[in-house]
Amino acid sequence: MKYKTIAAPCTRTLIEKRSEFIAAVTPVQTAEQAIACIQDAHAAYRKARHHVYAYVLRDQNISRYSDDGEPQGTAGLPVLDVIRKQGLTDVCCVVSRIFGGVLLGANGLVRAYGQACAQALRDAQIMEMCACRSMTIQCDYTFYGRLQFALASDPVIITDTQFTDAVTVTLLVLEEQAQSLCDRLIDLSNGTITVSLEDAGYRDFSSVLP
């Protein structure tokens with residue numbers, strides 16, 4: 001199991017016919033956190049006439065949006081569509097519009113709000129969060145080189161290596177691959193290593209996945 005979200009807040013501004021569309025995307029996990037993002041936008045951009053928002057939460061597959069006074073369907077829904085089309089969750093986007101004196105029309109608003117959100121997400125760091133397990137391997141020094149070579153071809157994240165009387169390597173491995181990797185390493189060592197597995201929740205594997 002996996003999902004995609006963003007690593008950190010990112011804010012970008014789109015200028016369309018003198019109107020400023022300030023898009024702020026933020027990782028969130030609850031509706032309360034999303035509401036706090038919306039309130040922050042109100043406080044930060046007091047000149048804005050509209051604070052359009054959309055958010056998607058993995059918990060209970062919740063999604064919400066608001067046009068905040070713009071014509072119905074021209075603002076919040078386009079923002080939500082961008083988030084969904086990128087396959088993202090646990091994300092809130094607030095687009096604050098500072099009016100520039102030129103009316104954009106319905107199509108212009110749809111395009112501007114969607115592009116503002118897309119621009120902010122394009123510059124945000126995307127994380128691919130995967131269900132995983134923490135694996136701890138203890139081996140002797142003679143096997144350590146073979147262990148490194150064996151792990152090089154697998155999408156694992158080494159989190160710690162300790163050198164004492166033996167070598168202890170701790171890594172994260174995809175949940176669906178954990179047992180097969182464990183069995184393969186034990187076979188490779190002819191049973192001379194010890195391996196333990198623990199649940200590790202969801203972690204970002206974007207750096208090791210193709």
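Descriptive notes on the structure:
- Applying a threshold of 7 Å to beta carbon distances and a minimum spacing of six or more residues, or different chains, the list of pairs starting in region 133-160 at a residue that is under 19 Å from ASP187 (Cα atoms) and ending at one that is surrounded by fewer than 18 Cβ atoms within 10 Å (Cβ to Cβ) and small (Gly, Ala, Ser) reads THR136/SER196; GLN138/ALA166; CYS139/ALA166; ASP140/ALA166.
- Exactly one residue among ARG97, ARG111 is buried (at least 20 other Cβ atoms within 10 Å of the Cβ) and either under 20 Å from the mean Cα position of the chain (by Cα) or at pLDDT 95 or above (or both), and that residue is ARG97.
- Being under 30 Å from CYS93 (Cβ atoms) and either over 18 Å from the mean Cα position of the chain (by Cα) or basic (Lys, Arg) (or both) is a condition met by no residue of region 178-199.
- Number of residues in region 39-90 that are crowded, with 19+ Cβ neighbours inside 10 Å and assigned to a helix (DSSP H, G or I) equals 7.
- The residues of region 22-38 that are hydrophobic (A, V, I, L, M, F, W, C), in contact with a Cys (Cβ under 9 Å, 6 or more places away or on another chain) and in contact (Cβ under 8 Å) with a residue 60 or more places away in the chain, listed by number, are ALA23, ALA24, VAL25, VAL28.
- Only one of SER153, SER134, SER196, SER206 that is touching a strand residue (DSSP E or B) at 6+ places or on another chain (Cβ under 6 Å) and not in a strand (DSSP E or B): SER206
The values are calculated or read from the model by the stated rules, or taken from the named source; none is laboratory data. Computed from a predicted structure; not experimentally measured. As a convention, Cβ positions derive from the backbone with ideal geometry for all residues, glycine included, and neighbour counts pool all protein chains shown.
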